Amino acid sequence: MKKYCFFIILLTIIFGLNRKVEAQNTVEEVLRAVEQNNPTLQARRQYVEAQALSFKTDIYLPNPMLAFEYLPGTPAEAGTQKDLTVSQAFDFPSVYFRKKDLAEAQINQLSFVLDSLRQQVLLEAKLLCLELIYARKQQAVFNQRLSNAEQLVRDYGRRLAQGNANILEVNKAKLLRLNLNNELIVLESQIVQMTEKLTALNGGEEMLFTADNYPEMDNIPEFEVLEPLTEANDPTLNYYEQQQEVSQEQLSVNRALVLPSFQAGYRYQAILGQQYNGFMAGISIPLWEDKNKIKLAQAQINWSNQAVARERTEHLYTIRRLYEKQQTLQNTLQEYEGLLSELNNTALLEKALRLGEISSIEFFMEIMYFYEAEDKYLRLENEYQQAVAELLKYQL
């Protein structure tokens, strides 16, 4: 029975690990995990909840006041005076409606603060995933090059023994192998560092992201179509637009606060065997306390209008820059794809070298030229993917 239970537990652990690896094998699944586990996002969500409650703390009536006075007289025959007062102060009724609308506008604005941070965190995670894919593509290419270099070392070793090569040619092959091996070591270190950073973004929970190909993407819309979409989903711009509504509501509150406030209650008084009781009422005279509040609210409206105009302009130029960047990279990438298809003649170079049609110097120059072009292509491919990710940040 114990063996049977142990076997079930072992299978559960194995399948659980498999599910974990599979769940983190795509960029989308990584982003879902980061959105759920990122400590910065978790803290900001709690902050938003606390701020939302704070905006609701000033929309109700103040607490009623209960006062009791017990005043023994001197001399004793003067008697004792007793006063009991129960009162309630309140602003002009429209103030509470305006404050409620203001609180709702401020709470709506908080959601854009959270959306902005969420986009930043998810974009950082996505760019890290793209960097990891780029590193793994490089790793695969370098491994193939290292395998070819090791074959060259063996071939030159045999040719040296046969007297068909010199030690300089052998050393060139060994140097190529050494450089490739060192590049792989550095690359593996970078992969470990990026994986650790991705794990940190995931709240310390291990990330086993193993994808080695970029995710498929839809065609990028024309700029005239794309720009309004990104503007409508830009949380920073939405935040400033919501600030306009907040400023307008604050102006309404300040105008209502200029109106008189009131106080009403009940008072009881007893002295020398006589009792007095009845209702009491009071009204404030709005002279000094709320001076300049309306001017302040109007100044805030002017500021929010200017902030929206500035942010909309910055948004337009940022999207235009990113759009043009990805178009340029796409065109350059296509040119390199055509070039690499023509230069991808490593096997022919090796055959020509074996047949003595080219010298070892020509071979190494040609092979390094091809490696440089291939590295440039991989780098451009990654830059293009990252430019598109930044351009389509609004979809996150």
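The values are calculated or read from the model by the stated rules, or taken from the named source; none is laboratory data. Note that the structure is a prediction, hence the values are computed from the model and not measured. All Cβ positions, even for glycine, are placed from backbone atoms using ideal geometry, and neighbour counts span all protein chains on display. Quick note on the areas: whole protein, heavy atoms, side chains included, nothing else; ligands and nucleic acids left out. Shrake-Rupley method; radii C 1.70, N 1.55, O 1.52, S 1.80 Å.
Kindly indicate which of L329, L348, L343 is touching a Phe, Trp or Tyr at 6+ places or on another chain (Cβ under 6 Å) and at pLDDT below 75.
Details: L329 fails: at pLDDT below 75; L348 fails: touching a Phe, Trp or Tyr at 6+ places or on another chain (Cβ under 6 Å).
The unique qualifying residue is L343.
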query: Using beta carbons and a limit of 9 Å, which pairs, at least six apart or on different chains, have the first residue in segment 244-262 and under 26 Å from P64 (Cα atoms) and aromatic (F, W, Y) and the second one surrounded by 18 or more Cβ atoms within 10 Å (Cβ to Cβ) and at pLDDT below 85?
result: F262/D91
- prompt: Going by the conditions given, is L237 touching a residue at least 60 places away in the same chain (Cβ under 8 Å), in contact with a His (Cβ under 9 Å, 6 or more places away or on another chain), at negative phi and surrounded by 14 or more Cβ atoms within 10 Å (Cβ to Cβ)?
  reply: yes
query: Looking at D115, D101, which one is in a helix (DSSP H, G or I), acidic (D, E), at pLDDT 90 or above and touching a helix residue (DSSP H, G or I) at 6+ places or on another chain (Cβ under 7 Å)?
result: D115
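Would you tally the residues in segment 74-98 being assigned to a loop (DSSP other than H, G, I, E, B) and free of Cβ contacts under 8 Å to residues at least 24 places away in the same chain? Steps first, answer last, please.
We begin by selecting, within segment 74-98, every residue assigned to a loop (DSSP other than H, G, I, E, B); these are 74-75, 79, 91-92.
Filter again for free of Cβ contacts under 8 Å to residues at least 24 places away in the same chain, leaving 74-75.
Total satisfying the criteria: 2.
Does segment 156-165 contain any residue that is of a type in the set (G, A, S), over 30 Å from S247 (Cα atoms), more than 37 Å from the chain's Cα centre (by Cα) and not in a helix (DSSP H, G or I)? Quick ask: steps written out before the conclusion?
Our first condition is that a residue be of a type in the set (G, A, S); within segment 156-165, this holds for 157, 161, 163, 165.
Still in the running and over 30 Å from S247 (Cα atoms): 157, 161, 163, 165.
Filter once more, keeping what is more than 37 Å from the chain's Cα centre (by Cα): 157, 161, 163, 165.
Of the ones still in play, those that are also not in a helix (DSSP H, G or I) are 163, 165.
There is at least one residue in segment 156-165 that is of a type in the set (G, A, S), over 30 Å from S247 (Cα atoms), more than 37 Å from the chain's Cα centre (by Cα) and not in a helix (DSSP H, G or I).
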message: Here are the criteria: (1) under 30 Å from K291 (Cβ atoms); (2) under 24 Å from the mean Cα position of the chain (by Cα); (3) part of a loop (DSSP other than H, G, I, E, B). Tell me which single one P260 does not satisfy.
response: (2)
- prompt: Looking at segment 351-392, which of its residues are at pLDDT 75 or above and among the acidic types (D, E)?
  reply: E372, E374, D375, E381, E383, E390
task: Kindly establish whether G157 is within 20 Å of Q120 (Cβ to Cβ), surrounded by fewer than 16 Cβ atoms within 10 Å (Cβ to Cβ) and either touching a Gly at 6+ places or on another chain (Cβ under 7 Å) or not hydroxyl-bearing (S, T, Y) (or both).
output: no
- request: With the condition kept exactly as written, say whether any residue in segment 46-60 is closer than 30 Å to Y268 by Cα, surrounded by fewer than 12 Cβ atoms within 10 Å (Cβ to Cβ) and touching a strand residue (DSSP E or B) at 6+ places or on another chain (Cβ under 8 Å).
  value: no
field: segment 292-304 residues that are more than 21 Å from L259 (Cβ to Cβ), paired with ones that are open to solvent by 50 Å² or more (accessible area, probe 1.4 Å) and assigned to a helix (DSSP H, G or I) (beta carbon under 8 Å, 6 or more apart)
entry: S304/Q244
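Can you say whether E183 is closer than 30 Å to L41 by Cβ, touching a helix residue (DSSP H, G or I) at 6+ places or on another chain (Cβ under 8 Å) and in a helix (DSSP H, G or I), as far as the supplied structure shows?
In short, no.
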field: Residue within segment 77-90 that is loosely packed, with under 15 Cβ neighbours inside 10 Å, at pLDDT below 90 and aliphatic (A, V, I, L, M) present
entry: yes
message: Quick check on Q269: is it under 30 Å from L117 (Cβ atoms) and either among the hydroxyl-bearing types (S, T, Y) or open to solvent by 30 Å² or more (accessible area, probe 1.4 Å) (or both)?
response: no
message: Between a residue in segment 371-393 that is farther than 9 Å from Y134 by Cβ and among the hydroxyl-bearing types (S, T, Y) and any residue that is assigned to a helix (DSSP H, G or I) and open to solvent by 30 Å² or more (accessible area, probe 1.4 Å), which pairs come within a Cβ distance under 7 Å, given they are 6 or more apart or on different chains?
response: Y377/Y336; Y384/Q330
